[in-house]
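Worksheet: the structure to be examined is printed underneath.
The values are calculated or read from the model by the stated rules, or taken from the named source; none is laboratory data. Here the structure is a predicted model, which is why all the values come from computation and not from measurement. Cβ coordinates were reconstructed from backbone atoms using ideal geometry, including for glycine residues, and neighbour counts include every protein chain displayed.
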Amino acid sequence: MHPKHEDKRGYFQELFRVSECEHEVKQISRFRINPGETRGGHYHTKLIETFVVLEGECVIHVYDINQEFPFSQHLEEGEYLTMSPFSHHTFYSKDGCALLIAANQEFDPKDMDTFPDLPKKDAR
C-alpha cells in the first residue's frame, strides 16, 4: 500500500504502479459493494484482474485451481490483489466498499468469460 499524503485540502495517494501490476492493463473499471452484500462469485478463463480498494474494506474468498485450496484475504483502503485465470473469487463487505479493477482485456459482451461454478482441474 502506498502512503496517503494529506493536508487541509484533502489527500493524494498512488493506487499502484504499472511496474507493480502483474499484467498488461487494457481496461480500468470500478464497482461498489453495498453494506452486507456479496459480489463476484465467478471465475474467468482468460481475464486477469487486479482489484484495488478505493474506500472501505472487504474480504475476498478465493479458490485458485493452481493452488488447489481456498483462501480468504481481508483488503483495506489502498490494498490490492490480483486474480489469475481459474481463480474463483467472491467479495463480501460488512460496511460497504468501492473497488477499482485493472484488467488485461477490454470487456466483450459477446465473450464475457465469466463462469459461476468453481473451476475444475481439467478445465484448463
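Among the numbered conditions (1) on the phi > 0 side of the Ramachandran plot; (2) at pLDDT below 95, the only one that I28 does not meet is (1). With respect to R32, is the statement that it is in contact with a Phe, Trp or Tyr (Cβ under 7 Å, 6 or more places away or on another chain), surrounded by 13 or more Cβ atoms within 10 Å (Cβ to Cβ) and not aliphatic (A, V, I, L, M) true? No; evaluated as a whole, the condition is false for this residue.
Of all residues in the stretch 20-42, those satisfying the criterion of being polar (S, T, N, Q) and part of a strand (DSSP E or B) are Q27, S29, T38.
Check whether at least one residue in the stretch 3-17 is of a type in the set (S, T, Y) and within 23 Å of P85 (Cα to Cα), and report yes or no.
Scanning the stretch 3-17, I find no residue that is of a type in the set (S, T, Y) and within 23 Å of P85 (Cα to Cα), so the answer is no.
Rundown of residues vs (1) closer than 30 Å to F12 by Cβ; (2) loosely packed, with under 12 Cβ neighbours inside 10 Å; (3) not hydroxyl-bearing (S, T, Y), yes/no style:
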position	(1), (2), (3)
I28	yes, no, yes
T38	no, no, no
I48	yes, no, yes
L54	yes, no, yes
Y63	no, no, no
F71	no, yes, yes
Y92	yes, no, no
A102	yes, no, yes
T114	no, no, no
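Scanning the stretch 74-119 for residues being over 17 Å from L47 (Cα atoms), modelled with pLDDT of 95 or more and either assigned to a loop (DSSP other than H, G, I, E, B) or touching a Pro at 6+ places or on another chain (Cβ under 6 Å) (or both) gives a total of 3. When Q27 is tested against (1) over 22 Å from M112 (Cα atoms); (2) polar (S, T, N, Q); (3) in contact (Cβ under 8 Å) with a residue 40 or more places away in the chain, only condition (1) is not met.
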